[in-house]
Structure formats: C-alpha cells, structure tokens
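Novice: Dropping a structure here in structure tokens format, bear with me for questions.
The values are calculated or read from the model by the stated rules, or taken from the named source; none is laboratory data. In this text the structure is predicted, and so the values were computed from the model without any measurement. Reconstructed Cβ throughout: ideal geometry from the backbone, glycine too, with neighbour counts over all protein chains shown.
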Amino acid sequence: MMFPPSDVQLMWPNKELQLRASGDDGCEWVQPADDRLLMPLKFEALTDGPLDARTNVLVAGDGLDALEALAAHTRALDGGIRLVYIDPPFNTQGSFRQYNDAMNRPMWLSMMRDRLAALRPLLSEDASVWVHLDDSEVHRARSVMDEVFGEGAFVASVVWQKKTTRDSRAAFSSNHDTILVYAPSGPKKWKTSRNLLIKDEAHLQNRDDDPRGPWADAPFTAPGFRRAQQYDIVTPTGQVLRPPRGRSWYATQQTYRDLLDDGRIWFPKGGDGSPRLKLFAHQLRGLVPFTVWGAPDTGTNDDAKRHLLSMFPEAEVFDTPKPEALLERIIHIATNPGELVVDIFGGSGTTAAVAHKMRRRWVIAERNTQTILDFLLPRMQRVVGGTDSGGVTDITSWTGGGSFEIVHVTPRFGKLSRRHQAETIKRQLARSSSEQVPRLRRGLQAELLNS
C-alpha cells in the first residue's frame, strides 16, 4: 500500500525542475522534458563478476544516476530494496575535507526529493527508508518525505546521541542527530515484519538458584477486570493478596497453580511481595525499539573515527563518520539476512561494511572518486579479506568472505576530470594484489548458506 502525497507541501524556487549531477561535483537544473534525459547513461563495469540479484555493488557515481543505470543495465535491484539508509550532506553551510556541505537550500531540497522519488518504485513491500540528518534541514526533510512517501508512511524520528562531550561555547551543546524513519506500507503493517531488539542476557539473574539457569521476571498482573482471574494468592509468608484495583492476575487460578508447581512464580521481598512470573532466556520476547538511542548502545562519531584511524592511520578521516554499532541496530531492525540494503551517499563505507558483516546484500553509491579510493574500496577489501577486526566484527562473528563488484556511472551533464573517470579506479584495482581485489570467489550467497 502506498499513501497519497501530503496535502500540505513545502515550496521552493525551481521545485518543478530536476536536479542532476554535472561534472565532478556540480549540479544542474534540468527541465523534466529535457531531451538530454533520454540519453543513456555511460555505464562501465570495472570488475568481471555478474551483476545479478545476488551481487553486492559499489557504484562510483551520483546516487540518482546510479539507481537509473543499475535498473537499466543489471539485475542488482531485482527483488526490491528492503532498507534504504542515507546519511546525506546535512547542509550545515560548512566545508569538510571530503565534501562541501554548503548547497543553497532549493538545490538541497531538490537533491533529496529527486533521489527519494527515484528510490520509491524500487522498494519492496515491507521496505523502510531511514534518513540521517541534524537540525539544519531535518524539519524541511520531513516535509519532503511526506510529499514523496505520504504522511501515513511516517514511522518515527529516532534521536541518536552522537557525542558525549560538551561544547561550552554554544548556547546549547548539541549532542544528537535525528534519523527520520518512513515505511511506504505504513507503520502498522511494517511493524509486523520488522525485528525487535534482542534482550541482553547479561541482565538475567538467578535469585533462587534455579537449576534451569538465570531468568528475568515480569509482574503477574494484567490490565482490566477478568472474573476468572480474580482470586486469592497466598505468599510464602502467609499474606493473602488480591489483584490491584482495575487489574487481574496474569492467568487463571489453575494456570497459576501449574506455574507455581513448575517453579515459575517468584515472590520478592523475602517472600512477602506480589508474585512475579519468571522468564528464562528462550522465553523472552524481544524489545520494541525506543526512539532515543544512547551512545553506550549505538556508539558515537568519535567511536567511528577511532575505527577509521585504526584502518587508515595516515589519512585525514571524516569529521562525522557513523559508527558500525549504529548501522548494526538499523540493519537488524529493518532487514533479515540476504535482503538488500541501499545507501546512495556511501561516504566512508559504514553501511556497506556492516551490511556485509551481517550477511545482507548491499548496493552503495559514492560520487567522490577520491573517497572511494581512500576509504570505501580499501575498507571493503579488508572486510572481505577478514582483516577488519573493529566495529561489529566480533558481535557478528565475521571472519571474512563474500565479494563485491565495482561499476562506474558517468553523469549526463558536464564533464568529468581525469581523476573522477573510470580509468582512475581501474588503475587502482590493477595495482592491488590478488588478495586485495574484491573477487574472492565465494559469493555472499555461499557465505549465507554456510553461516
């Protein structure tokens, strides 16, 4: 089910035009009826593997061009995209080492609108789209997403604690980003297919030396009045208890007796408290995700920087990379092994690295060739080769394997300088040893079958 566009829409200059990639890093306003849009994009495979529905693909090129070219020339998007995670430029009006973050606002809004609109028809029925931003544009981005996916597709705004240090010079010390979550099928339907968070079994205790092992506990009450669940319970200390006002016991009296005989009822306060139901690890239901994610669970920008520096100690790493722990949670909630994850602002490659370690398929696009050569390509070579020991490697039990293909897509508009042309990446691949080239012949599908 797709929701109609929002009745209330954000307006901006040139909204009726498309924003297309031009040259190395520029953009150009284009009329939707411009004949140049009918010209096929130049698409070049830089590795020799198949580009089918089981392939991981690294695209050197603009995200919008990449989606169009992959749909036209390959089967990599067949079966639908289960998760889109994008971490686009935040438009802070600053400049970073790897990219310029100072677009004029109409261009930024059209860039987002056009790329989200291109993704929409490629999504699977149970897909979700996660857009990671800060306060600079997040309020306007939500209006754009309402327009593209419909207001009814909105699921949540996740607040992620990106740092734990305090900026004493600011009016407020900003320590969070916002991730907008949309599901084209709507939150009610998407909820039935998303995954719950796994409970941490380290929190289980064995307070009565139960031979079955440690356990958690839950109140033995339920909301509402149910006549069959209104009865006396006698505690080990002899107290006679009735359910609290407006509530009932969790189960009927016979079920309570069966649970008591099975050692599944626990009375706190030395046997004087209200009964609680014991739950062992295999009986625990997962946790519904909160909308506030703290640094201890999902890492910080500084954690991600340290990981990048461990891989690239001589490089000037990204200022605000995203930690693998954050992507692990998103990918866990939104996908299952073998499903397709797409990121059209690839950056340092966190999405690809985590998706690969979690045995998902992935398609990543990154426009800056230097970023690919400095970070994305060598990082994924390490992941495939099993030499990246950081991030979520341990919790995913990743030891290496799988493969990925590399393609280059040239924009229709403007001209690429030599350093952004396909030949630059080809030369880098030629210089790589056979162990580094991402053609380990065990495909990701074989890795999934053996995991």
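Novice: Is there a residue being over 19 Å from PHE413 (Cα atoms), part of a strand (DSSP E or B), touching a strand residue (DSSP E or B) at 6+ places or on another chain (Cβ under 8 Å) and modelled with pLDDT under 95 anywhere in the stretch 98-110?
Specialist: Yes, some residue in the stretch 98-110 is over 19 Å from PHE413 (Cα atoms), part of a strand (DSSP E or B), touching a strand residue (DSSP E or B) at 6+ places or on another chain (Cβ under 8 Å) and modelled with pLDDT under 95.
Novice: Next question, about the same structure. Residues of the stretch 400-432 being charged (D, E, K, R), under 18 Å from ASP65 (Cα atoms) and not in a strand (DSSP E or B), which ones? Spell out the reasoning first.
Specialist: Filtering the stretch 400-432 down to residues charged (D, E, K, R) leaves 405, 412, 415, 418-419, 423, 426-427, 431.
Then drop every residue that is not under 18 Å from ASP65 (Cα atoms), which leaves 405, 412, 415.
Across the stretch 400-432, the qualifying residues are ARG412, LYS415.
Novice: What pairs come up if the first residue lies in the stretch 209-232 and is closer than 20 Å to GLN254 by Cβ, the second is of a type in the set (Phe, Trp, Tyr), and their beta carbons are under 7 Å apart, counting only those six or more places apart or on different chains?
Specialist: As it stands, the answer is PHE220/TRP249; PHE220/TYR250; THR221/TRP249; THR221/TYR250; ALA222/TYR250; GLN229/TRP249; TYR231/TRP249, since those pairs meet every condition given.
Residue by residue, here is whether (1) modelled with pLDDT of 95 or more; (2) of a type in the set (Ser, Thr, Tyr); (3) surrounded by fewer than 15 Cβ atoms within 10 Å (Cβ to Cβ); (4) outside the structural domain of PRO211 (by TED's automatic domain parsing) holds:
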| site | (1), (2), (3), (4) |
| --- | --- |
| ILE265 | yes, no, no, no |
| THR298 | yes, yes, no, yes |
| ARG329 | yes, no, no, yes |
| GLY338 | no, no, no, yes |
| VAL341 | yes, no, no, yes |
| ILE344 | yes, no, no, yes |
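Novice: Quick one: is LEU444 in the same structural domain as MET358 (by TED's automatic domain parsing), surrounded by 20 or more Cβ atoms within 10 Å (Cβ to Cβ) and at pLDDT below 90? If you could, list the steps in order and put the result at the bottom.
Specialist: Values: in the same structural domain as MET358 (by TED's automatic domain parsing): yes; surrounded by 20 or more Cβ atoms within 10 Å (Cβ to Cβ): yes; at pLDDT below 90: yes.
Taking the combined requirement at face value, the residue satisfies it.
Novice: Quick check on my filter: what residues within the stretch 325-348 are out of contact with any Ser or Thr (no Cβ under 9 Å at 6 or more places or on another chain) and at positive phi?
Specialist: Once the filter is applied, which keeps residues that are out of contact with any Ser or Thr (no Cβ under 9 Å at 6 or more places or on another chain) and at positive phi, the stretch 325-348 yields only GLY338.
Novice: Take the residues in the stretch 301-350 that are without any contact (Cβ under 8 Å) to a residue 24 or more places away in the chain and not in a helix (DSSP H, G or I); name whichever of them is nearest to VAL158 (Cα to Cα).
Specialist: PRO313
Novice: Take ARG285 and tell me if it is part of a loop (DSSP other than H, G, I, E, B), among the basic types (Lys, Arg) and either without any contact (Cβ under 8 Å) to a residue 40 or more places away in the chain or over 23 Å from THR92 (Cβ atoms) (or both).
Specialist: Values: part of a loop (DSSP other than H, G, I, E, B): yes; among the basic types (Lys, Arg): yes; either without any contact (Cβ under 8 Å) to a residue 40 or more places away in the chain or over 23 Å from THR92 (Cβ atoms) (or both): yes.
In short, yes.
Novice: Here's something else I'd like to know. Just one of PRO275, PRO223 is touching a helix residue (DSSP H, G or I) at 6+ places or on another chain (Cβ under 9 Å), at negative phi and assigned by TED's automatic domain parsing to the domain that holds ARG207; which is it? Quick ask: steps written out before the conclusion?
Specialist: Values: PRO223 fails: touching a helix residue (DSSP H, G or I) at 6+ places or on another chain (Cβ under 9 Å).
It is PRO275.
Novice: Among the residues of the stretch 235-264, which ones are within 16 Å of GLN205 (Cβ to Cβ) and either assigned to a strand (DSSP E or B) or among the β-branched types (Val, Ile, Thr) (or both)? Walk me through how you get there before you give the answer.
Specialist: Let us first name the residues in the stretch 235-264 that are within 16 Å of GLN205 (Cβ to Cβ), namely 263-264.
Result: no residue meets the conditions.
Novice: Kindly check whether there is at least one residue in the stretch 396-419 that is closer than 20 Å to LYS322 by Cβ and surrounded by fewer than 23 Cβ atoms within 10 Å (Cβ to Cβ).
Specialist: Step one: list which residues in the stretch 396-419 are closer than 20 Å to LYS322 by Cβ, which gives 396, 398, 404.
Still in the list and also surrounded by fewer than 23 Cβ atoms within 10 Å (Cβ to Cβ): 396.
Within the stretch 396-419 (the criterion being closer than 20 Å to LYS322 by Cβ and surrounded by fewer than 23 Cβ atoms within 10 Å (Cβ to Cβ)), the answer is yes, since at least one residue qualifies.
Novice: Counting only residues that are touching a Phe, Trp or Tyr at 6+ places or on another chain (Cβ under 8 Å), of a type in the set (S, T, N, Q) and closer than 23 Å to VAL131 by Cβ, give me the strands (runs of 3 or more DSSP E) lying completely in the stretch 166-225 with at least 1 of them.
Specialist: On the way: elements: 176-182, 215-219, 221-223.
The qualifying strands (runs of 3 or more DSSP E) are 176-182.
Novice: Looking at ALA183, ALA170, ALA216, ALA141, which one is on the phi < 0 side of the Ramachandran plot, among the small types (Gly, Ala, Ser) and not assigned by TED's automatic domain parsing to the domain that holds ARG329? I'd like the intermediate steps shown before the answer.
Specialist: Details: ALA183 fails: not assigned by TED's automatic domain parsing to the domain that holds ARG329; ALA170 fails: not assigned by TED's automatic domain parsing to the domain that holds ARG329; ALA141 fails: not assigned by TED's automatic domain parsing to the domain that holds ARG329.
Every option except ALA216 fails the conditions.
Novice: On the basis of being surrounded by 15 or more Cβ atoms within 10 Å (Cβ to Cβ), touching a residue at least 40 places away in the same chain (Cβ under 8 Å), assigned by TED's automatic domain parsing to the domain that holds ASP303 and not hydroxyl-bearing (Ser, Thr, Tyr), does PHE154 make the cut? Give the derivation first.
Specialist: Numbers: surrounded by 15 or more Cβ atoms within 10 Å (Cβ to Cβ): yes; touching a residue at least 40 places away in the same chain (Cβ under 8 Å): no; assigned by TED's automatic domain parsing to the domain that holds ASP303: yes; not hydroxyl-bearing (Ser, Thr, Tyr): yes.
No, not satisfied.
Novice: Okay, moving on. Is it the case that ASP210 is under 14 Å from GLN283 (Cβ atoms), exposed (fewer than 12 other Cβ atoms within 10 Å of the Cβ) and modelled with pLDDT under 95? Full working, then the answer.
Specialist: Values: under 14 Å from GLN283 (Cβ atoms): yes; exposed (fewer than 12 other Cβ atoms within 10 Å of the Cβ): no; modelled with pLDDT under 95: yes.
Spelling it out, it is not the case that ASP210 is under 14 Å from GLN283 (Cβ atoms), exposed (fewer than 12 other Cβ atoms within 10 Å of the Cβ) and modelled with pLDDT under 95.
Novice: All but one of (1) in a helix (DSSP H, G or I); (2) surrounded by fewer than 21 Cβ atoms within 10 Å (Cβ to Cβ) hold for LEU377; state the number of the condition that does not hold.
Specialist: (2)
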